[in-house]
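Reading through the structure tokens given below for one structure.
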Amino acid sequence: MIIKILGVGCPKCKNLEKLMLTIRDRYNLKYEIQKVTDLDDIMEYGILMTPGLVINEEVKSAGKIPKEKEILKWLGVE
Amino acid sequence: MNWIDERKKLIGFLAIFLFIYFLPVDVNRFNDAINGAFKLLKWYANEHVILCLIPSFFIAGVITVFVSQTAVIKYFGVSARKWLAYLVASISGTVLAVCSCTILPMFSGIYKRGAGIGPAITFLYSGPAINILSIMLTARIIGFEMGIARVIGAIIFSVVIGLIMASIFPERNKKNKVKQFNNPEMETSHDIWQTALHLLILIFILVLVNWRKPLVDHGLWHLLYTARWLVTAFCGLLLALSLIFILKIRQIHVVIVVLAVLFTALLFPQFPLVSFIVAVIGISIILSMSSGDPQEWISETWGFAKQILPLLAAGVLLAGFLLGIPDERGGIIPAEWIYTKVGGNTLIANIFASVVGAFMYFATLTEIPILQGLMNNGMGKGPALALLLAGPAISLPNMLVIRGVIGNRKTIVFVLLVIMMATMSGWIYGSIF
């Protein structure tokens with residue numbers, strides 16, 4: 001699984017990255033976290049608000065840090 | 001000894017040593033300026049933090065959590081009606097741009113995937129000027145009419161500049177814009193009217209506690225001034241109801257806070273500020289104890305405070321050091337120098353203020369203490385507005401990013417338009433007030 005975090009470096013983007021790292025460690029998941037910081041690359045996903053969370057090339061959320069419960073659902077963890 | 005590896009530390013030590021070695025502590029002017037910096041910081045802490053900044057953070061937090069941004073974004077799409085796109089772009093900064101870091105991605109998105117260069121430019125220009133924090137702080141610190149002038153100027157000129165940009169650079173092909181915005185719908189558990197009501201109560205409280213003593217001793221405004229704490233208390237009760245019925249916070253929690261505030265008010269009737277602080281702390285605690293949206297509200301509020309307070313404090317210190325404090329001056333920059341450059345309301349002064357504002361970088365809200373310092377040193381009202389209109393919208397660093405998105409020619413035209421518009425509006429404003 002590939003997780004992408006879209007954002008040019010605002011505080012929320014960093015927090016989302018931290019959250020994804022914490023979740024990975026806590027549930028012993030294996031996914032790679034890539035940061036997409038180039039504005040053009042971010043626009044390729046068609047989002048307007050950062051941070052964006054992309055799981056397997058599918059945009060899951062944009063403009064806010066999703067709730068942990070939602071993220072776990074997207075990751076298929078219960 | 002490998003000096004290559006140690007070069008950073010060596011240079012750092014040398015720089016600090018030279019700085020301290022030549023620190024002009026025995027020069028009066030320098031000491032006055034340092035003194036002024038801390039006096040100004042203290043004045044901000046005394047006057048503006050509790051009643052103005054803290055409520056504003058709460059409002060910004062409410063906006064981020066409860067107002068559906070997806071609803072606004074759909075007006076920026078390719079298929080959106082043009083006039084609607086301009087209108088929404090010019091005013092949506094109040095809702096969307098509370099964090100300056102969201103402006104550039106949105107600008108880029110509207111330009112490349114959405115309604116095109118016009119609305120994108122409109123959004124870029126008005127966004128930083130009309131979020132709730134800048135409006136409140138401008139109105140409170142620099143003056144009510146300047147706050148209003150800033151909002152109106154930003155909204156009107158953002159549309160004008162957007163329209164001009166769109167007519168100079170008509171868009172030829174829309175083929176590469178087929179991809180639509182990809183904004184996953186977030187679940188919203190609140191009705192729009194409920195959200196609006198809740199927001200309105202908070203804004204009432206913010207405006208009431210900041211109500212200035214009017215110049216005349218009679219009339220409705222003066223009555224409101226004398227009764228402002230009473231009316232605030234009433235709004236506080238409305239807020240309590242809103243917390244229970246709209247935010248669905250446990251009744252018992254809200255009742256405890258209301259009783260605590262009431263108790264403090266009876267204990268210190270001559271210090272309404274104490275009750276206000278108790279209310280803020282009480283609300284923060286019950287929001288933190290709840291779950292879901294209310295909890296998110298307090299964490300967003302805290303996020304804004306964390307992000308903005310350090311920058312603002314640094315900006316205030318810098319403004320105090322460079323420009324001195326109200327009524328005393330004594331900054332490191334001579335007042336005469338400022339007066340000759342931007343005093344009065346000459347065309348030259350307005351142009352100078354616009355150009356400087358356009359290139360200078362202001363961190364969130366720091367334009368306000370700096371502008372206040374400049375005005376104390378004799379800057380005219382016209383040039384002040386010119387600086388406010390050109391300042392936060394563009395700066396050298398963000399010009400580089402904009403250039404990357406829309407290219408050299410459009411960027412140059414945009415910057416020139418901003419400078420011209422800011423100069424014009426400053427000039428007109430300065431000759432009226």
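The values are calculated or read from the model by the stated rules, or taken from the named source; none is laboratory data. Here the structure is a predicted model, which is why all the values come from computation and not from measurement. Methodologically, a virtual Cβ is constructed for each residue, glycine included, from the backbone with ideal geometry; neighbour enumeration extends over all protein chains shown.
Please determine, by comparing only the residues of region B:215-231 that are within 27 Å of B:V261 (Cα to Cα) and among the aliphatic types (A, V, I, L, M), which one is surrounded by the most Cβ atoms within 10 Å (Cβ to Cβ).
B:V231
If the Cβ limit is 7 Å and pairs must be 6+ apart or interchain, which residue in region B:73-96 that is within 18 Å of B:K112 (Cα to Cα) and within 12 Å of another protein chain (Cβ to nearest Cβ) pairs with which residue that is basic (K, R) and part of a helix (DSSP H, G or I)?
B:V78/B:K177
Confirm whether B:G118 is away from chain A (no Cβ under 14 Å) and surrounded by 24 or more Cβ atoms within 10 Å (Cβ to Cβ).
Here the answer is yes, as B:G118 does meet what is asked.
Any chance region B:404-424 includes a residue that's in contact (Cβ under 8 Å) with a residue 40 or more places away in the chain, within 14 Å of another protein chain (Cβ to nearest Cβ) and touching a Phe, Trp or Tyr at 6+ places or on another chain (Cβ under 8 Å)?
Yes, region B:404-424 contains at least one residue that is in contact (Cβ under 8 Å) with a residue 40 or more places away in the chain, within 14 Å of another protein chain (Cβ to nearest Cβ) and touching a Phe, Trp or Tyr at 6+ places or on another chain (Cβ under 8 Å).
Check B:I16 against each of (1) free of Cβ contacts under 8 Å to residues at least 60 places away in the same chain; (2) surrounded by 14 or more Cβ atoms within 10 Å (Cβ to Cβ) and name the one condition it does not meet.
(2)
Filter region A:41-66 down to residues that are more than 8 Å from every other protein chain (Cβ to nearest Cβ) and either touching a Gly at 6+ places or on another chain (Cβ under 9 Å) or assigned to a helix (DSSP H, G or I) (or both), then give me how many there are.
3
For the list (1) within 29 Å of B:K74 (Cβ to Cβ); (2) without any contact (Cβ under 8 Å) to a residue 40 or more places away in the chain; (3) within 14 Å of chain B (Cβ to nearest Cβ), I need the number of the one condition that A:K18 fails.
(1)
Give all pairs with beta carbons closer than 6 Å in which a residue from region B:267-288 that is surrounded by 13 or more Cβ atoms within 10 Å (Cβ to Cβ) meets a residue that is part of a helix (DSSP H, G or I) and not aliphatic (A, V, I, L, M); count only pairs at least 6 apart in sequence or on separate chains.
Listed by first residue and then by second, the contacts come to B:P272/B:W229; B:V274/B:T264; B:S275/B:T264; B:V278/B:T264; B:I286/B:H253; B:L287/B:P294; B:L287/B:W297.
Residue check: is B:G373 surrounded by fewer than 22 Cβ atoms within 10 Å (Cβ to Cβ) and touching a strand residue (DSSP E or B) at 6+ places or on another chain (Cβ under 9 Å)?
So B:G373 does not fit the description; no.
Which of (1) aromatic (F, W, Y); (2) outside any loop (DSSP other than H, G, I, E, B); (3) loosely packed, with under 10 Cβ neighbours inside 10 Å is the odd one out, the single condition B:F30 does not satisfy?
B:F30 satisfies all of (1) aromatic (F, W, Y); (2) outside any loop (DSSP other than H, G, I, E, B); (3) loosely packed, with under 10 Cβ neighbours inside 10 Å except (3).
What is the number of the single condition among (1) of a type in the set (K, R); (2) modelled with pLDDT of 85 or more; (3) more than 26 Å from the chain's Cα centre (by Cα) that B:R228 does not meet?
Status for B:R228: all satisfied but (3).
Filter region B:369-403 for residues that are more than 14 Å from every other protein chain (Cβ to nearest Cβ), over 25 Å from B:K42 (Cβ atoms) and more than 21 Å from the chain's Cα centre (by Cα) and give the result.
B:G380
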